[in-house]
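These notes are about the structure you will find just below.
The values are calculated or read from the model by the stated rules, or taken from the named source; none is laboratory data. On a predicted model such as this, the values are computed, not experimentally measured, just so you know. Positions of Cβ are generated from backbone atoms using ideal geometry, with glycine treated the same way; all protein chains shown enter the neighbour counts. Side chains are part of the model used for accessible areas, which takes the heavy atoms of the whole protein and leaves out ligands, DNA and RNA. Shrake-Rupley method; radii C 1.70, N 1.55, O 1.52, S 1.80 Å.
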Number of protein chains: 2
Amino acid sequence: MPLKLFELVGTDETRPFSPFCWRTRMALAHKGLGAESIPWCFTDKAAIAPHQSDKVPVLLDGDTAVVDSWVIANYLEDSFPDRPSLFGGAGGRAMARMLNAWGDIAVVGGLFPLIVADIPGHLKPVDAAYFRKTREARFGKPLEEVVAGRDKSVEIFRKGLDPLRLTLKTQAYLGGDAPNYADYIMFGGFQWARVVSPFRLLAADDPVYAWRERLLDAFDGTARKSPGYEV
Amino acid sequence: MPLKLFELVGTDETRPFSPFCWRTRMALAHKGLGAESIPWCFTDKAAIAPHQSDKVPVLLDGDTAVVDSWVIANYLEDSFPDRPSLFGGAGGRAMARMLNAWGDIAVVGGLFPLIVADIPGHLKPVDAAYFRKTREARFGKPLEEVVAGRDKSVEIFRKGLDPLRLTLKTQAYLGGDAPNYADYIMFGGFQWARVVSPFRLLAADDPVYAWRERLLDAFDGTARKSPGYEV
C-alpha cells in the first residue's frame, strides 16, 4: 500500500509549503520512497483529527498514522533499514535531535518574521483569515509590521546561521560528503520560504546559499521543481 | 608509548582549564585512555612551536603531534576503533562538526564575556599580562567592563542554550542514553568556566544544569575531581 502524506498547501495544491512537510518530503526522497500527497489547508482540522493530530505532516502507512516530522524521520529510518540511512548510525540519530531543535529555532524561527506577511496571499480566504489572526496574536502586531525593516533585520538572521555556515566551509553537507536528515532539517525552512516569499534571505556568496542550491538540485530537483520564487 | 597532552594551566598545574583541552580530556576518558599531562601556559609558545601549533590542546602520540581538539577527536576515533566510539558512526561524525561550531559560538563564545575577568587571577603575572592585553584588545574595553552587568547578561547566554536545553528534555545526553563527543564539545565550555570562575552560569532547575552534573560525575568524576568552584 503506498505511503500517503498530508502536506500543507494554500490555493495552489501543487505548491506545498511548511518547513516540516519539506523535511519529510526530502527524507522520503532520500529513502527512494514516493508518497501520495494529500493536500491539506490550515483550517481543515477535521481531516487529520482522526489521526490524533492538528498539524501536518502526517504520514499514513496503511493503517498506521505517524505524526510530527521528527517522529516520521525515525519511523522511516526504522521501517526501511535497507534504504539509504537518514542518520548514518545511532550517534547521528541522537545528534540530529539537537540539530532539529536548532533548526526549529534559528532557521524556522529566524526566518518566520521575515516572510510571514507574504504567506496570506497564497492562502484561501478562510485560511488567510485564520493564519493572520493566530500569527498576529503570537507576534502582538500586524504581519506587515512584523516584516517591516526586514532588509536590515535579515542581517541578524544571517548572523545566526554561523554554526551552519562554518560547517559548510569544511564539508559539503551537514551529513558530510552527501546530505542526510540533518541537511533536510535546515533545508525545510529555506524551501518553505522559497515557496511563499520573494524575499532574498541569503547573499549569493554565502556558503549556505551554495548548499541550498545543491539541495534544490538533489533527487532530480525534487525541491526546485516545486513552484517557488527565484531567491 | 603513553599519550601526552599539552594542557593549559595557570599558577596551579593541577587545575587545567581551556574548553578545548577539556573536550580532549573527556574524549580520552571516553576511549578509556590516559595521557600524561604537560602543563602549558599562554606565553609558553616555544614549547609547542616544534609541533606546528601556537595553541593547545596538542596531543603527542609517539612522534606524531596532533593539533586542535576537533582533529584530535577524529584522530582518537580512527586510531582506537575498538574502544567506545566518540561519534557513533559516520553520520554522527559529520553532524558533530556543526555541533562543534555551535559549541564554539553559543557555549564558549557565549560564556566568555561572563567569566573573562575571573581568569587573570589564576595566571602567573606574565601570562595574566598577556591575557589581559590580548583579550582587552579583542573586546575593546577593560575585562572588568566586559563582565559588568553579568547578572543580567547571563540571561541572554541562558536563552541561547535553548537548542541544547530542548534536546535534554527528550534525551539524557546529546549522544542519546549515554554521552558521546557531542556532549564533551559543550561540556568543555562549562568545565572551563567551573575551573576559573565562581559565577553561576546555570539555574539549578535547568535541564542543562542536571546534564552538567551527570558529566561532572562521568568516568569516576574525572571533571569533578579537577579543582573548581561549586557553581
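Fully extended, how many nm does the chain gain between B:Arg83 and B:Val71 (0.36 nm per residue separation, minus their Cα-Cα distance)?
Working: separation 12, 0.36 × 12 = 4.32 nm, distance 1.75 nm.
Stretched out fully, the B:Arg83 to B:Val71 stretch lengthens by 2.6 nm.
Could you state the per residue volume, in Å³, of the convex hull enclosing the Cα atoms of segment A:1-79?
On the way: hull volume 6.6 nm³, N = 79.
Spread over its residues, the Cα hull of segment A:1-79 gives 84 Å³ apiece.
In debye, nearest 20: dipole of segment A:22-141 around its Cα centre with unit charges on the Cβ of K, R (+) and D, E (-)?
500
Does any residue of segment A:83-101 lose at least 30 Å² of accessible area with all protein chains in place compared with its chain alone, and if so which ones (probe 1.4 Å)?
Buried by 30 Å² or more upon assembly, which counts only protein chains, are A:Gly88, A:Gly91, A:Ala94, A:Met95, A:Arg97, A:Met98, A:Leu99, A:Ala101.
Considering the dipole of chain B built from charges on the beta carbon (Lys and Arg +1, Asp and Glu -1) around the Cα centre, which of B:Ala223, B:Met98, B:Gly34 is farthest to its positive end?
About the Cα centre, the residue reaching furthest to the positive side is B:Met98.
Could you do me a favour and compute the accessible area per residue for the protein assembly as shown, 1.4 Å probe, result in Å²?
Numbers: 19040 Å² over 462 residues.
With the other protein chains kept in place, the protein assembly as shown gives 41 Å² per residue.
Along its principal axes, what span do the Cα atoms of the protein assembly as shown show, with the longest given first and each in whole Å?
So the extents along the principal axes, rounded to whole Å, are 70, 49, 41.
Extending each Cα 7 Å along its Cβ direction at B:Thr11 and A:Ile156, get the distance between those two points in nm, one decimal.
The answer from the label model is 4.3 nm.
Between copies, how close do the A:Gln52 label points come, placed 7 Å along Cα→Cβ, listed in nm from shortest?
5.7
Suppose you put the label 7 Å out from Cα in the Cβ direction; list, shortest first and in nm with one decimal, how far B:Asp217 is from each other copy's label.
5.2
Kindly report, to the nearest 10 Å², the accessible surface of A:Tyr229 as traced by a 1.4 Å probe over protein heavy atoms only.
Approximately 70 Å² for this residue.
What part of the accessible area of chain A, given as a whole %, is carbon or sulfur when the probe is 1.4 angstrom?
On the way: 5180 of 9520 Å².
Percent of accessible area from carbon and sulfur atoms in chain A: 54.
What dipole magnitude, in Debye to the nearest 20, does segment B:128-201 give about its Cα centre under +1 on Lys/Arg Cβ and -1 on Asp/Glu Cβ?
Values: 13 positive and 8 negative charges, 50 e Å.
Around 240 debye, computed over segment B:128-201.
Using a probe radius of 1.4 Å on protein heavy atoms only, what is the accessible area buried between chains A and B, both sides summed, to the nearest 100 Å²?
Details: alone 10560 and 10560 Å², together 19040 Å².
So the total buried area for this chain pair works out to about 2100 Å².
For the charge dipole of segment B:1-83, defined by +1 on Lys and Arg C-beta atoms and -1 on Asp and Glu C-beta atoms about the Cα centroid, which residue among B:Ala73, B:Ala46, B:Val9 has the Cα displaced farthest towards the positive pole?
My answer, from the dipole projection, is B:Val9.
Note down the magnitude of the dipole of segment A:1-88 about its Cα centre, charges +1 on Lys and Arg C-beta and -1 on Asp and Glu C-beta and zero elsewhere, to the nearest 20 debye.
On the way: 8 positive and 12 negative charges, 42 e Å.
Charge dipole, segment A:1-88, about its Cα centre: 200 debye, nearest 20.
Which of B:Thr167, B:Thr11, B:Thr134 ends up with the largest GNM mean-square fluctuation for chain B, with Cα atoms connected below 10 Å?
B:Thr134
Using DSSP loop states and a limit of at most 15 other Cβ atoms within 10 Å to flag GluC sites (Glu not before Pro), what is the longest stretch of chain B containing no flagged site? Before the final figure, lay out each step's value.
On the way: sites that count: B:Glu13, B:Glu230.
Between the exposed loop sites, the longest stretch runs B:14-229.
Please work out the FRET efficiency for the pair A:Asp217 and A:Leu33, using the Cβ-Cβ distance as r and a Förster radius of 22 Å; give the result to the nearest 0.05. Write out the running numbers ahead of the final one.
Details: r = 19 Å, r/R0 = 0.88.
The pair A:Asp217/A:Leu33 has a calculated efficiency of 0.70.
I'd like to know which of A:Ile185, A:Tyr130, A:Phe157 lies farthest towards the positive end of the charge dipole of segment A:125-212, counting +1 on Cβ of Lys and Arg and -1 on Cβ of Asp and Glu.
A:Tyr130
Would you calculate the convex hull of the Cα atoms in chain B and tell me its volume per residue in Å³?
It comes to 120 Å³ per residue, whole-number rounded.
Could you give, in nm with one decimal, how far B:Arg138 is from each other copy of that position, shortest first, with labels 7 Å out from Cα toward Cβ?
Those label-point separations list as 3.7 nm.
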